[in-house]
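Chemist: Pasting a structure here, questions to come.
Any read-out appearing in this document is the output of simple, stated calculations on the displayed coordinates, not a laboratory observation. Keep in mind it's a predicted model, so treat the numbers as computed, not measured.
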Amino acid sequence: MRDLGGRVAVVTGAGSGIGRALADRFGALGMKVVLADVEAGALERAEAALRGRGVETLAVPTDVMRAEDVQALADRTLAAFGAVHVVCNNAGVFAGGLAWEMPLEDWEWTLGVNVWGVIHGIRTFVPLLLAQDEETHLVNTASMAATISMPYSAAYTASKHAVLALSECLYHELALRGARLSVSVLCPEMVATHIDRAERNRPAGLRPPQTPDSPERALTRQAVAEAVKVGTPPAVVAERVVEAMREKRFYVLSEDAWRRAAAVRLEDVRLGRNPTFAPPVDEHARPTEER
């Protein structure tokens, strides 16, 4: 999908981070941009910034955990612009700690946003994209965490493995249909975003009761907070996505130590050996990950 000017893009999690960078890049390419986010203030600021640059845009408050919200997002997009050509299922959150100690609310929130958000996006938008019978593109945001398995991040890692597998299944299904809809899965490394403060948008009903902090949970929270300070700029990741769309390339991967860690895991699987603890730490000692 090389000609993006005048096309319509929908981006979830567009109020900040990678989503905001995708929206900015699409706008700069002359696309009409529909912004979706659960954080009202960030959504309004993103909309104002794009409009200030002359971009045709629409902001739709959206909780991707709710199928009806995602359907409303699609309805409002079609009402405003009459079509949709690019969909980025990008919204994501993080919670860490020991797998057996993580509150049920952590599991429900993480899987609700990271996995069900993508499922709702696929079920809502793929039929629309196929019905248009023209070149379209869908991007699901996973993570390089989808290619490895590290301690203290079970809910997040499981959610991103699910997004990767779901995207691969979708790729095969569309290819067998001969569809003109292309798919990419975005697997970023640690990116300079606010994922360390994802709690700010957690629904009240999914906030766990106050419990003593485990050392592992505290360690993970600190590691992520430190890592985002030196993460890859979101604009760099957005440019990777645009390049992948133009090339109809499925995997959008990091080029750093995460690739090497993923290779170790794949070799574990190939040889049937027990999992190797091989953290994706490069010479700059960036300890954790993502959006």
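Chemist: Only Cα pairs within less than 10 Å get springs; with that Gaussian network setup on the chain, which residue of F94, F81, F125 has the largest fluctuation?
Modeler: F81
Chemist: Hey, what angle do you get for helix 17-28 against the long axis of the chain, alpha-carbon based, 0 to 90 degrees rounded to 10?
Modeler: With rounding to tens, the tilt is 30 degrees.
Chemist: Still on this structure, please answer the following. Between 0 and 90 degrees, rounded to the nearest ten: what's the tilt of helix 215-229 against the longest Cα principal axis of the chain?
Modeler: 50 degrees
Chemist: Let me ask something else. Any number yet on Rg/Rh for region 189-263, C-alpha, Kirkwood?
Modeler: 1.08
Chemist: Something else now. Could you give me the percent of Cα pairs per 10 Å distance bin for region 86-152, shortest bin first, beginning at zero and ending with the bin that holds the maximum distance?
Modeler: So the P(r) values, bin by bin, are 18, 41, 26, 12, 3.
Chemist: What list of ³J(HN,Hα) couplings, whole Hz, do you get for region 124-135 from phi and the Karplus terms 6.51, -1.76, 1.60, once you set θ to phi - 60° and write x for glycine and proline?
Modeler: 7, 8, 4, x, 5, 5, 5, 5, 6, 6, 8, 5
Chemist: Still on this structure: With just the Cα atoms defining each centre, how far is region 69-100 from region 26-44? Give it in Å.
Modeler: Cα centroid to Cα centroid, the span is 12 Å.
Chemist: Please check: in the Gaussian network model of the chain (C-alpha springs, under 10 Å), which one of L129, L253, L104 has the largest mean-square fluctuation.
Modeler: Ranking L129, L253, L104 by mean-square fluctuation puts L104 first.
Chemist: Something else now. Determine the calculated [θ] at 222 nm for the chain from helices alone, applying -39500 (n - 2.57) to every DSSP H run no shorter than 4 residues and normalising by the residue count; nearest 500 deg cm²/dmol. Spell out each step's value before the answer.
Modeler: Details: 9 runs with 131 residues, N = 291.
Value at 222 nm, helices only: -14500 deg cm²/dmol.
Chemist: Which option, (i) 26, 21, 20; (ii) 30, 22, 18; (iii) 41, 23, 16, is the value of semi-axes √(5λ) of the Cα gyration tensor in Å that was calculated from these coordinates?
Modeler: From the options (i) 26, 21, 20; (ii) 30, 22, 18; (iii) 41, 23, 16, the structure gives (ii).
Chemist: With a 10 Å cut-off between alpha carbons and a GNM built on the chain, which of L73, L266, L181 moves the most?
Modeler: L266
Chemist: Here is a further query. Against the longest principal axis of the chain, how steep is helix 257-271, in degrees 0 to 90 to the nearest 10, with axes from Cα atoms?
Modeler: 70 degrees
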